[in-house]
1. Enumerate the aspartates and glutamates that residue 146 could reach by cross-link, defined here as Cα to Cα under 13 Å, with residues fewer than 8 away along the same chain left out.
2. Rounded, prolate or oblate for region 4-252? Axes are the square roots of the Cα gyration tensor eigenvalues, ordered a ≥ b ≥ c, and the cut-off for rounded is a/c under 1.5.
3. Quick one: compute the contact order of region 4-252, relative version, from alpha carbon pairs under 8 angstrom and 6+ residues apart, as a percent.
4. What is the local net charge at residue 164, summed over the other residues whose Cβ is closer than 11 Å to its Cβ (Lys, Arg +1; Asp, Glu -1)?
5. Tell me, 1, 175 in order of fewest to most beta-carbon neighbours within 10 Å?
6. Can you sort 221, 42 by how many other beta carbons sit within 10 Å, fewest first?
7. Quick one: among 74, 30, 148, which has the greatest mean-square fluctuation in a GNM of the chain with alpha-carbon springs under 10 angstrom?
8. Cut-off under 25 Å on the C-alpha distance; same-chain residues fewer than 8 positions from residue 249 excluded. Which lysines are left, in chain and number order?
Amino acid sequence: MITEEQIAYFQTFGFLVLRQAFGPDEMNAIGQKFDDLLDKDRGGQPFPGVSRQALYGIAENVPLLTSLVEDDRIYKTVESLLGDGFIWLCSEGNLYVGNTDWHPDGTRLDYRPMKVSLYLDALTPETGCLRVIPGSHRLPLHDDLKPIPNFGIPGTDVPCFPLESQPGDVFFLDMNTWHASFSGGTGRRHLALNFVPKPTTAEDTSVLKENHQGVLSLIQRLQYRRPGRVFSDAFLDSDRPRIQRLTAKWIELGLK
């Protein structure tokens, strides 16, 4: 699905962009379903725009979005980047408010989760596009950046690579890569599909469990409705071979 050069690019810089992987009709359908689901989470009330709204498990519960998880354009690319045996972590739908300061999402440099992002609105550096620091997923740069808040400069002045986007672009990000967003308007829409490499050690499995608990905590903090779980039965009981492979570890861990 992707070339050896693209794999090397991702490994070196910590991100990869596939421009216009999805067409306008596909993105219109995805955007409409996204809007409907986040509206439903708010009980049909307008988005107040005071703080971020997140809806976790957004792709696990709706066939249109579940189909993205197993779509070659995403699944085969993730397989090329994470290797055989990669598994599911979670999905999320976000409406952002204001800035997101510099941070990495990953917690361990020897076990690298991946965020696959579809931004549903056109974004530039002036309207809140994703900014990344290339190579910051690896040492020593990853640790050298931890004092960013103490550098004495605005977040917008940190040297970085802005990832301008149009609906249809797909971003693959090593979650250990430092990233941020500034100057964006209220209600910027972001659909994320999150994966992790095959767990091969007890420590990897421990991180999986910790991440799952972390998502449950985010549900309590950022969602309007709180179902008390991340994955739906429909997702865990899927008859789709790729979904089954992605969820088998979670079933083994007793989530079903």
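1. By straight Cα distance, residue 146 reaches 101, 105.
2. Details: a/c = 1.37, a/b = 1.09, b/c = 1.26.
Here region 4-252 falls in the rounded category.
3. Values: 447 pairs, mean separation 79.1, N = 249.
This gives 32 percent for region 4-252.
4. Working: positive: 19, 131; negative: 126, 169.
Local charge sum for residue 164: 0.
5. Values: 1 15, 175 21.
Exposure proxy ranking, most exposed first: 1, 175.
6. Numbers: 221 11, 42 16.
Lowest to highest Cβ neighbour count: 221, 42.
7. Residue with maximal mean-square fluctuation among 74, 30, 148: 148.
8. Within the straight-line cut-off, residue 249 pairs with 76, 115, 198, 209.
Each reported figure results from applying straightforward, stated rules to the coordinates on display, with no laboratory input. This structure is a prediction, so every number in the text was calculated from the model and none was measured. FYI the Cβ positions are ideal-geometry reconstructions off the backbone, even for glycines, and counts take in every protein chain you see.
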